[in-house]
Amino acid sequence: REYWAGVSGTAVSALTSNGNYPNSPTSTSTLSSFNAPNDVAENYGQRIKGYLSPTTTGSYTFQIAADDDAELWLSTNDNPANKVKIASVTGWTNYLQYDKYGSQTSAAITLTAGNFYYIEALHKEGSGGDHCTVAWVG
């Protein structure tokens with residue numbers, strides 16, 4: 001998890017256009033799940049990234065919930081350069097609320113068992129409560 005403090009606004013673009021993004025985060029940490037810490041601060045952005053490797057070949061859907069805006073990106077392989085946006089929140093959701101916006105859930109995506117896929121969530125918090133979580137089923 002990479003965290004950028006002092007980034008105003010609520011749109012993900014406020015993070016990605018910030019002069020410190022992507023090379024100079026305020027802090028970095030390791031998470032044990034795709035669930036960012038809740039109620040951290042005001043006016044910040046974060047990027048949560050990693051790799052997933054399904055144990056079963058099949059069709060998967062991904063979901064993102066966040067307060068405020070967030071985007072979920074998945075690569076066709078382990079290369080971050082091949083990532084595409086598969087889901088987003090343009091507003092806010094309650095914690096673990098994956099059904100407020102249709103854009104929160106991806107289309108079905110076929111993944112191959114044993115392959116690694118780069119996955120990334122971008123999250124922007126303005127003020128008030130804050131959280132960002134990702135789930136997938138398949």
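Quick notes on this structure:
- Dipole size of the chain about its Cα centre, with +1 on Lys/Arg Cβ and -1 on Asp/Glu Cβ: approximately 360 debye, rounded to the nearest 20.
- Seen from residue 41, the other residues with C-beta closer than 10 Å to its C-beta sum to a net charge of -4, counting Lys and Arg as +1 and Asp and Glu as -1.
- Structural descriptor for region 44-138: relative contact order 47 percent, calculated from alpha carbon pairs under 8 angstrom and at least 6 residues apart.
- Of all accessible heavy-atom area on region 4-111, the percent that carbon and sulfur account for (1.4 Å): 48 percent
- Accessible area of residue 131 (1.4 Å probe, protein heavy atoms only, ligands and nucleic acids ignored): about 10 Å².
- Where a label projected 7 Å from the Cα of residue 49 along Cα→Cβ would reach, residues of region 111-137 with amide N under 14 Å: 117-123
- Cα-projected label distance for residue 82 with residue 39, points at 7 Å along beta-carbon direction, nm: 4.2 nm
- Residues in region 90-105 carry Karplus couplings, in order, of 10, x, 7, 10, 6, 4, 6, 8, 9, 10, 6, 10, x, 5, 6, 10 Hz; the curve used is 6.51 cos²θ - 1.76 cosθ + 1.60 with θ = phi - 60°, and Gly or Pro positions show x.
- Helices in the chain, meaning DSSP H runs of at least 4 residues, each add -39500 (n - 2.57). Divided by all residues, the mean residue ellipticity at 222 nm is -500 deg cm²/dmol.
- The modelled label-to-label distance between residue 11 and residue 90, using points 7 Å beyond Cα along the C-beta direction, is 1.0 nm.
- Separation of alpha-carbon centers, region 103-134 and region 17-34, rounded to whole Å: 15 Å
- Between the amide H of residue 44 and those of 7, 125, distances stay under 5 Å, these residues lying 5 or more places away or on another chain, with hydrogens modeled in the peptide plane.
- Between residue 23 and residue 135, the simple label model (points 7 Å from Cα in the Cβ direction) yields a spacing of 3.9 nm.
- Around residue 104: net Lys/Arg minus Asp/Glu count, Cβ-Cβ under 13 Å: -2
- Neighbour net charge for residue 130 - beta-carbon separation under 10 angstrom, K R +1, D E -1: -4
- Accessible area expressed per residue, the chain, with surrounding protein chains retained (probe 1.4 Å, Å²): 47 Å²
The values are calculated or read from the model by the stated rules, or taken from the named source; none is laboratory data. Not measured: the values here are computed from a predicted model. Glycine also receives a Cβ, built like all others from the backbone with ideal geometry; neighbour counts cover every protein chain displayed. Accessible surface areas use protein heavy atoms only, side chains included; no ligands, DNA or RNA. Shrake-Rupley method; radii C 1.70, N 1.55, O 1.52, S 1.80 Å.
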